[in-house]
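Participant: Please see the structure below; I have some questions.
The values are calculated or read from the model by the stated rules, or taken from the named source; none is laboratory data. Keep in mind it's a predicted model, so treat the numbers as computed, not measured. Cβ atoms come from the backbone with ideal geometry, glycine included; neighbour counts cover every protein chain shown. All accessible areas refer to the heavy atoms of the entire protein, side chains included, with ligands and DNA or RNA removed. Shrake-Rupley method; radii C 1.70, N 1.55, O 1.52, S 1.80 Å.
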Amino acid sequence: MLKRSLAAVALLGAGAAWWLTAPTPLSHATETALVTAPADHIQGEQVFWAAGCASCHVAPDAEEGDAPLLAGGQAFASDFGTFYAPNISPSEQGIGGWTLLEFANAVQAGVSPDGAHYYPAFPYTAYAKATPADIAALYAFMQTLPLDATPSKAHDVGFPFNLRRSLGGWKLLFGAPTGPAVTADDPVLQRGAYLTEALAHCTECHTERNALGGLNSDRWLAGAPNPNGKGRIPNITPAGLDWSDIDLMAYFTTGLTPDYDSAGGHMASVVQNLARLSEEDRMAIVDYLKAIPAVADQPSDP
Amino acid sequence: MLKPAIAAALTFATAGFAVADTDHSKLPPEIQARHGLMANYAINLGVLGDMAKGKTDYNAELAALASANLAAFASTDQSLLWPEGSDAMTADGSRALPKIWEDRADFDAKSDDLATAATALAAVAGTDLAGLQSAMGGVGGACGACHKVYREPK
């Protein structure tokens, strides 16, 4: 009798876990807002560069020209395995056949058109904060980009991380990271927070993660180990970033640091993207970085 | 002979190019020369960049001088500076990734891109501040394009 009720509890538990980890699409209200938003290519292009799509999705070493070929193939090492950016060009091998809602569910809910979870190497927890109008515009712009027929490469991820269903649990725990609140009545700061957190996804690299890859909200933008192994991604809260507004603006425009070295690695791509934004948007990011709480380096940080 | 007006506009220690914890004089001469070349870029870019940012007043003569220097340095043939075996994995004191030698043609093309951008900057930097400002992005972009792929992160 006891055995049977235990089995029933276990079955219920497994059922609940299965139910809890099911990929959850966007809400009906969000989907309605998406399909009624205008397909504004011009706005979409700005969203595309602000969100840095090309940096990861062009072929390895390809240039990010005005109409980049989003063939995929770049490798991203992590503690959980190596992820390969997929083809997201508007071809059959990419996002060619996708509806706007399939696209939005991929970008903002991390759910593929066939209903599977995406790995959070794809920063959908950041993009989840983007407005429906921006996502609809991005979709419209990406349809205008050149086609590529390269098939996407499978990720190289070991057990248990290769069980995609387990990502449902990850999303429950870490799927909605929140940064510090910024003054609600300052539109420039609000814009800066939106660009930094939702589109440019700065937190993905500049905020440290726990053992399961969840962002540590208490150390928002305070630096993190480089997942490629070497070096450390810097603290960009006011405790670590003492560059003036003018120096930051010049860096976001030219990639040149205050001592006239240049950005390297992935940050060089980030700067190329930021350079395509309006001066107002770059300044909003600067204002946001100056306004967030200073988080000191931890004693163990080099 | 540097004119007094130019000399006065120069401030010392614009560019700090640190090679951390390495006795620079003990590095192979090619690596020292590479670092020296980069430091020359940085010093001249510092003069130009500080004007572009408005940290220092625009000085047409000095802008023309620094941009001509930069273009000259960027246009030198560098084939002797990058011998095999002088990469970050093999030699101490370098952040040059082995990838340079796997795709030397692309590396050289990116080096040529810097020469082109620096020459374009030199053509306008002495005209007015707006010209200088408009051409800085091209040079910075060329620096970043190479550092993105071929330099090890710190």
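Participant: Is one or more of the residues making up region A:18-39 closer than 30 Å to B:Phe107 by Cα and assigned by TED's automatic domain parsing to the domain that holds A:Gly158?
Facilitator: Within region A:18-39, not a single residue is closer than 30 Å to B:Phe107 by Cα and assigned by TED's automatic domain parsing to the domain that holds A:Gly158.
Participant: Here is a further query. Among the listed residues B:Gly144, B:Gly131, B:Gly138, identify the single one that is more than 7 Å from chain A (Cβ to nearest Cβ), part of a helix (DSSP H, G or I) and within 22 Å of A:Ser55 (Cβ to Cβ).
Facilitator: After applying the criteria, what remains is B:Gly138.
Participant: Determine if region B:60-80 includes at least one residue that is away from chain A (no Cβ under 14 Å), farther than 30 Å from B:Thr127 by Cα and of a type outside the set (A, V, I, L, M).
Facilitator: Our first condition is that a residue be away from chain A (no Cβ under 14 Å); within region B:60-80, this holds for B:60-65, B:68, B:71-72, B:75-80.
The next check asks that each one be farther than 30 Å from B:Thr127 by Cα; those that pass are B:79-80.
Narrowing further to those that are of a type outside the set (A, V, I, L, M): B:79.
So far as region B:60-80 goes, yes, one or more of its residues are away from chain A (no Cβ under 14 Å), farther than 30 Å from B:Thr127 by Cα and of a type outside the set (A, V, I, L, M).
Participant: Ok, one more. Condition first: open to solvent by 60 Å² or more (accessible area, probe 1.4 Å) and more than 13 Å from chain A (Cβ to nearest Cβ). Now tell me which residues in region B:81-98 satisfy that.
Facilitator: The answer is B:Glu84, B:Thr90, B:Asp92.
This table checks each residue for (1) touching a Ser or Thr at 6+ places or on another chain (Cβ under 6 Å); (2) within 14 Å of chain B (Cβ to nearest Cβ); (3) of a type in the set (Ser, Thr, Tyr).
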| position | (1), (2), (3) |
| --- | --- |
| A:Gly192 | no, no, no |
| A:Asp242 | no, no, no |
| A:Thr254 | no, yes, yes |
| A:Ala263 | no, yes, no |
| A:Ser278 | no, no, yes |
| A:Lys290 | no, no, no |
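Participant: Among the residues of region A:156-189, which ones are under 29 Å from A:Gly223 (Cβ atoms) and open to solvent by 70 Å² or more (accessible area, probe 1.4 Å)?
Facilitator: Scanning region A:156-189 gives A:Asp156, A:Phe161, A:Leu172, A:Leu173, A:Ala176, A:Thr178, A:Ala181, A:Thr183, A:Ala184, A:Pro187.
Participant: Let me ask you something else. Against the definition (under 26 Å from A:Gly229 (Cα atoms), part of a helix (DSSP H, G or I) and away from chain A (no Cβ under 13 Å)), how does B:Trp101 come out, yes or no?
Facilitator: In short, yes.
Participant: So, in region A:169-185, of the ones that are without any contact (Cβ under 8 Å) to a residue 40 or more places away in the chain and over 19 Å from the mean Cα position of the chain (by Cα), which residue ends up nearest to A:His201 (Cα to Cα)? Walk me through it before giving the result.
Facilitator: From region A:169-185, those without any contact (Cβ under 8 Å) to a residue 40 or more places away in the chain are A:178, A:181, A:184-185; that's our starting set.
From what's left, over 19 Å from the mean Cα position of the chain (by Cα): A:181, A:184-185.
Values: A:Ala181: 16, A:Ala184: 20, A:Asp185: 23 Å.
The residue in question is A:Ala181.
Participant: Quick check: is even one residue across region B:76-94 touching a residue at least 40 places away in the same chain (Cβ under 8 Å) and among the β-branched types (Val, Ile, Thr)?
Facilitator: no
Participant: Looking only at region A:217-274, count every residue that is open to solvent by less than 30 Å² (accessible area, probe 1.4 Å) and assigned to a strand (DSSP E or B) and tell me the total.
Facilitator: Residues flagged as open to solvent by less than 30 Å² (accessible area, probe 1.4 Å) and assigned to a strand (DSSP E or B) within region A:217-274 amount to 5.
Conditions tested, residue by residue: (1) out of contact with any Lys or Arg (no Cβ under 6 Å at 6 or more places or on another chain); (2) assigned by TED's automatic domain parsing to the domain that holds A:Val58; (3) charged (D, E, K, R).
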site: A:Arg219; (1), (2), (3): yes, no, yes
site: A:Ala222; (1), (2), (3): yes, no, no
site: A:Gly231; (1), (2), (3): no, no, no
site: A:Met267; (1), (2), (3): yes, no, no
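Participant: Which numbered condition trips up B:Asp77, out of (1) touching an Asp or Glu at 6+ places or on another chain (Cβ under 6 Å); (2) open to solvent by 40 Å² or more (accessible area, probe 1.4 Å)?
Facilitator: Going through the list (1) touching an Asp or Glu at 6+ places or on another chain (Cβ under 6 Å); (2) open to solvent by 40 Å² or more (accessible area, probe 1.4 Å), B:Asp77 breaks only (1).
Participant: Hey, another quick one. Within region A:284-301, is even one residue free of Cβ contacts under 8 Å to residues at least 24 places away in the same chain, surrounded by 20 or more Cβ atoms within 10 Å (Cβ to Cβ) and not assigned by TED's automatic domain parsing to the domain that holds A:Cys56?
Facilitator: Checking region A:284-301: not a single residue is free of Cβ contacts under 8 Å to residues at least 24 places away in the same chain, surrounded by 20 or more Cβ atoms within 10 Å (Cβ to Cβ) and not assigned by TED's automatic domain parsing to the domain that holds A:Cys56.
Participant: Can you name the condition, by its number, that A:Gly192 falls short on among (1) within 22 Å of A:Gly214 (Cβ to Cβ); (2) touching a Leu at 6+ places or on another chain (Cβ under 8 Å); (3) among the small types (Gly, Ala, Ser)?
Facilitator: Tallying (1) within 22 Å of A:Gly214 (Cβ to Cβ); (2) touching a Leu at 6+ places or on another chain (Cβ under 8 Å); (3) among the small types (Gly, Ala, Ser), A:Gly192 fails exactly one: (1).
Participant: Tally the residues that are assigned to a helix (DSSP H, G or I) and of a type outside the set (Asp, Glu), restricting the search to region A:104-142.
Facilitator: Total satisfying the criteria: 20.
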